[in-house]
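Below is one structure, written out as C-alpha cells; the observations come after it.
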Amino acid sequence: MDAAVSPLFTALLGPAFVGLPVPVRALHAAQGLRRYAGDVEVERGIGLLSRLVASATRLPPAGTGPLCVEIDASPDEERWTRFIGGRTMPSRLWRDGDVLCERLGLATFGFRLAVVDGVIEWRVVRVRVFGVSLPARWFTGVGARESAEDGRYRFDVWASLPIAGLLVHYRGALDVD
C-alpha cells in the first residue's frame with residue numbers, strides 16, 4: 001500500500017505493522033468511523049499539581065468500568081474519543097514525518113513508535129503546551145504500549161511528571177472485530 005494513502009499507523013510503522021497481532025492491526029488499519037467497547041482501570045494522582053495538569057489535558061477519572069472508544073480515521077489523521085467514567089477524552093492524531101503527534105487538551109505530544117516483540121511502544125520525543133516547546137526529558141514518565149491478549153486489543157498508558165508525580169495510569173482492553 002502506498003504510504004501516501006496508507007492509514008496513519010501503517011504508514012508510521014512501515015513493514016513492522018504486518019508483524020503485529022491481529023486485534024492491533026485491525027484497530028489501526030480500519031478507516032472511517034468505528035466504535036469499540038471494552039473495559040478500563042484508571043489510577044489518578046492525588047496531588048494538587050497532578051490534578052490540575054490532568055484536568056488541563058482532559059485525562060479520565062479514577063475507577064474501573066466500561067469503556068467506549070470512537071475512532072474516526074482517514075489516511076491523514078485520526079480523531080479518538082474515549083468515553084470513560086462519564087467523561088469524554090478526545091484527541092487528534094496525525095503524522096509529522098516519522099513522529100505520531102497527538103493533541104490532548106492543551107498539550108500536543110510527539111511520539112516515536114517502535115514495535116518490540118509484537119507490541120507497539122510509544123515514546124515521547126517532543127511536547128508543546130500553549131504552542132510553547134517543552135523539554136522532552138521532562139516527559140520520560142509518559143508513554144504507552146499496545147498489544148493483544150486472548151483475542152482482545154490491550155492498552156497500557158501512563159503519565160507521570162517531575163514534581164507533579166502520577167497524572168494517570170490507565171489500562172484495559174477493547175473488543176476489535
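Label Trp158 and Ala56 with points 7 Å out from Cα along Cα→Cβ: what is the distance between them in nm?
Each label point lies 7 Å from its Cα, and together they span 2.3 nm.
Between Leu67 and residues 5 or more places away or on another chain, which pairs have amide H atoms under 5 Å apart, with H built 1.01 Å from N, and which residues are they?
Placed amide hydrogens put Gly38, Asp39, Val40 under 5 Å from Leu67.
Can you pull the Kirkwood radius for region 103-177, inverse mean 1/r over Cα pairs, to one decimal in Å?
Values: mean 1/r = 0.0741 Å⁻¹.
The answer is 13.5 Å.
For region 90-101, in order, what is each residue's ³J(HN,Hα) by Karplus, 6.51 cos²θ - 1.76 cosθ + 1.60 with θ = phi - 60°, in whole Hz (x at glycine and Pro)?
Rounded to whole hertz, the list is x, 8, 10, 10, 8, 9, 10, x, 9, 10, 8, 9.
What are the ³J(HN,Hα) couplings of region 26-40, residue after residue, when phi is run through the Karplus curve with 6.51, -1.76, 1.60 and θ = phi - 60°? Round to Hz, x for glycine and proline.
3J(HN,Hα) across region 26-40, in whole Hz: 4, 4, 8, 8, 5, 10, x, 8, 10, 10, 10, 10, x, 9, 8.
Using the Karplus curve 6.51 cos²θ - 1.76 cosθ + 1.60 with θ = phi - 60°, work out ³J(HN,Hα) for each residue of region 61-75 in order, rounded to whole Hz, and write x for Gly and Pro.
So the Karplus estimates, Gly and Pro as x, are x, 5, x, 10, x, x, 9, 10, 10, 10, 10, 10, 10, 10, x Hz.
Find how much the distance from Leu49 to Glu77 grows on full extension, using 0.36 nm per residue of separation minus their present alpha carbon separation; answer in nm with one decimal. Can you show the working numbers first?
Working: separation 28, 0.36 × 28 = 10.08 nm, distance 3.14 nm.
Roughly 6.9 nm would be gained on extension.
Regarding region 6-101, what's the average projected area of the Cα-atom convex hull, expressed in nm²?
Numbers: hull surface 28.2 nm².
It is 7.0 nm².
Under a plain spin-label model, where a point goes 7 Å from the Cα along Cα-to-Cβ, how far apart in nm are Asp96 and Arg128?
Reported label-point gap for Asp96 and Arg128 is 0.5 nm.
In whole Å and largest first, what semi-axes does the C-alpha gyration tensor of the chain yield when each eigenvalue is scaled by 5 and square-rooted?
Gyration-tensor ellipsoid for the chain: 25, 20, 15 Å.
No lab work stands behind these numbers, since they all come straight from the coordinates. What you are looking at is a predicted structure, and each value in this text was computed from that prediction instead of being measured. Counting neighbours? That spans all protein chains shown, and the Cβs are built from the backbone with ideal geometry, glycine included.
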